[in-house]
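Step one of this worksheet: look at the structure below.
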Amino acid sequence: MENNSIRKSSRYLAMTILEKVNSKGAFSNIVLSQTIEKENLSKEESNLLTEIVYGVIQRKRTLDYILDPYLNNKKKIQNWVLQLLRLSVYQLYYLERVPDHAVLNEAVNIAKVRGHKGIAGLTNGVLRNVLRSEKPDYSKIKDPIVRLGTMYSLPDWIIDQSIKNIGIEETEKYAQSLLEKSKVSLRVNAKQITVEKAIEQLMDEGYSVEKSKVSPYGLISKSGLPARSSLFKTGMITIQDESSMLVAPALKIKPGDKILDACAAPGGKTTHMATYLDQSQGGEVLALDLHAHKIKLIEQNAKRQHVEGVVKTQNIDARKIKELVSDETFDKILVDAPCSGLGLMKRKPEIRYSKTPEDLISLKKIQLDILVNVASLLKKGGRLVYSTCTITHEENEEVIQTFLSNHPEYTTEPVYLESNNIDLDEDDMLRLYPHQYGTDGFFICSLTKAK
């Protein structure tokens, strides 16, 4: 195979993407999309590239556990070589349709093109050793935290925290679910089209979808990319995880409500809330974000979904909103707080390696600051919903407990759900783990302000 052909191959491109994610902190989904578009890859090549990139990131700790016995001085190995070895072992272990000899041959060819004969020899030797050896016996790892972390490629601290919260059996189910392929879910714009009509039109265009069991507005894509459909382009549907579709209904919005969306970008929940409002009755949602380019994204989403008439935006830190708005202005407030995003590990696997326990402490302070600064803006008898796409107690329960201890005018109420398929926890809050309903990890708490 010629050098240029090798550099254009899915495996070579996967190596370069993994290199950027590992050394520069690049987001895998963004670099992957840019690469597929730039290289004009076929569907088959794009699928292989995507599977390798996400698979290697998801299973990085496990792959290193397999490789470590054959790497004498891992710290001296160049980043790209390590990525090449990881993606090769991933194929050997997890992609049965790829013959072992093909994996080895291409890995050696890539090593020659990117490096030299010495690196090619190292690559060949390590991979042949892996093939000759028995698959690892994880039961030999006595510490259950380390064992589960190694098996499912999660940091020990996440496993430890999860065991404390939900027990070891549920933790294993949860960890295993993070290795499964994430679903593409769609929210139907109920102000523009019925769910049944949306399904019919999508099927006519060749897309296979089914109703969500989590949200009455949700659809699950079984095949195709619905973002290319006419319904998406005309704002009849939008891409949104099922878990986040539960936030707007939890506010129990009335057509004339004034709503504050304190942390709004990219606007999925903003536009969902907007579908409940009526401009003629004074309904309005004020969407805030700290970054100007994200404000534009919210506005674009609102326009595409035909709700721009009830969506207003403001480029400001939610912690400073009291400088612009009077107390008791809003009927409803949503604080979809900035968080660690650990609930998104299935869709954004690199998150598991980039976050630390210390991050949770700093995020908790920001989350609490936002709640404190918007608390006085809610009308008496109004409703405030706090949500995050994480499953840590520090960012969820502890934030709520601290807030309530300093704001006796607020009390919790059961989170309102339109679907009977989901149960609240004993404290009437909603906690979703990915293994339960196939959604992102998510938390919702509903608070009311005394009249």
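The values are calculated or read from the model by the stated rules, or taken from the named source; none is laboratory data. None of these values were measured; they are calculated from a predicted model. Cβ coordinates were reconstructed from backbone atoms using ideal geometry, including for glycine residues, and neighbour counts include every protein chain displayed. These accessible areas exclude ligands, DNA and RNA; they are computed on the full protein's heavy atoms, side chains included. Shrake-Rupley method; radii C 1.70, N 1.55, O 1.52, S 1.80 Å.
Numbers at a glance
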| item | result |
| --- | --- |
| Residue within the range 396-403 that is aliphatic (A, V, I, L, M) and open to solvent by less than 40 Å² (accessible area, probe 1.4 Å) present | yes |
| Residues (over 18 Å from residue 397 (Cα atoms) and without any contact (Cβ under 8 Å) to a residue 40 or more places away in the chain) located in the range 146-162 | 146, 147, 148, 156, 159 |
| Which listed residue, of 227, 265, 248, 292, is touching a residue at least 24 places away in the same chain (Cβ under 8 Å) and either farther than 18 Å from residue 416 by Cβ or surrounded by fewer than 20 Cβ atoms within 10 Å (Cβ to Cβ) (or both) | 265 |
| Search result, residues across the range 89-107 that are under 30 Å from the mean Cα position of the chain (by Cα) and open to solvent by 10 Å² or more (accessible area, probe 1.4 Å) | 90, 92, 93, 94, 96, 97, 98 |
| Any hit, the range 137-150, residues being more than 33 Å from the chain's Cα centre (by Cα) and either not basic (Lys, Arg) or not in a helix (DSSP H, G or I) (or both) | no |
| Some residue of the range 387-396 being of a type outside the set (Ser, Thr, Tyr), within 19 Å of residue 330 (Cβ to Cβ) and in contact with a strand residue (DSSP E or B) (Cβ under 8 Å, 6 or more places away or on another chain) | no |
| Looking only at the range 1-40, and only at residues there that are touching a residue at least 60 places away in the same chain (Cβ under 8 Å) and in a loop (DSSP other than H, G, I, E, B), the one that is most open to solvent (accessible area, probe 1.4 Å) | 1 |
| Output for the range 41-53, where each listed residue is in a helix (DSSP H, G or I) and either at pLDDT below 90 or surrounded by fewer than 22 Cβ atoms within 10 Å (Cβ to Cβ) (or both) | 43, 44, 45, 46, 47, 48, 50, 51 |
| Condition met for residue 119 (surrounded by 14 or more Cβ atoms within 10 Å (Cβ to Cβ) and under 34 Å from the mean Cα position of the chain (by Cα)) | no |
| Odd one out for residue 373, checked against (1) of a type outside the set (Ser, Thr, Tyr); (2) under 30 Å from residue 172 (Cα atoms); (3) open to solvent by less than 50 Å² (accessible area, probe 1.4 Å) | (2) |
| Filtered residue count, the range 313-342, keeping only those that are of a type in the set (Ser, Thr, Tyr) and closer than 15 Å to residue 372 by Cα | 1 |
| Flag if residue 77 is more than 26 Å from the chain's Cα centre (by Cα), under 24 Å from residue 105 (Cβ atoms), β-branched (Val, Ile, Thr) and open to solvent by less than 20 Å² (accessible area, probe 1.4 Å) | no |
| Candidate set from the range 146-170 (those that are of a type in the set (Val, Ile, Thr) and touching a Phe, Trp or Tyr at 6+ places or on another chain (Cβ under 9 Å)); member that is surrounded by the fewest Cβ atoms within 10 Å (Cβ to Cβ) | 166 |
| Given (1) basic (Lys, Arg); (2) surrounded by fewer than 22 Cβ atoms within 10 Å (Cβ to Cβ); (3) under 14 Å from residue 127 (Cα atoms), index of the condition residue 86 fails | (2) |
| Subset of the range 189-200 (residues that are crowded, with 16+ Cβ neighbours inside 10 Å and without any contact (Cβ under 8 Å) to a residue 60 or more places away in the chain) | 193, 195, 198, 199 |
| Qualifying residues in the range 161-186 (those that are within 16 Å of the chain's Cα centre (by Cα) and of a type in the set (Lys, Arg)) - the one modelled with the highest pLDDT | 183 |
| Residue in the range 372-379 that is over 23 Å from residue 266 (Cβ atoms), at pLDDT 95 or above and of a type in the set (S, T, N, Q) present | yes |
| Any pair with Cβ under 8 angstrom, 6 or more apart, that starts in the range 387-409 at a residue that is more than 21 Å from residue 435 (Cβ to Cβ) and touching a residue at least 60 places away in the same chain (Cβ under 8 Å) and ends at one that is assigned to a loop (DSSP other than H, G, I, E, B) and open to solvent by less than 60 Å² (accessible area, probe 1.4 Å) | 399/337 |
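Residue by residue, here is whether (1) touching a helix residue (DSSP H, G or I) at 6+ places or on another chain (Cβ under 6 Å); (2) modelled with pLDDT of 95 or more; (3) open to solvent by 30 Å² or more (accessible area, probe 1.4 Å); (4) in a helix (DSSP H, G or I) holds:
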{"site": "297", "(1), (2), (3), (4)": "no, yes, yes, yes"}
{"site": "314", "(1), (2), (3), (4)": "no, yes, yes, no"}
{"site": "332", "(1), (2), (3), (4)": "no, yes, no, no"}
{"site": "346", "(1), (2), (3), (4)": "yes, no, no, no"}
{"site": "349", "(1), (2), (3), (4)": "yes, no, no, no"}
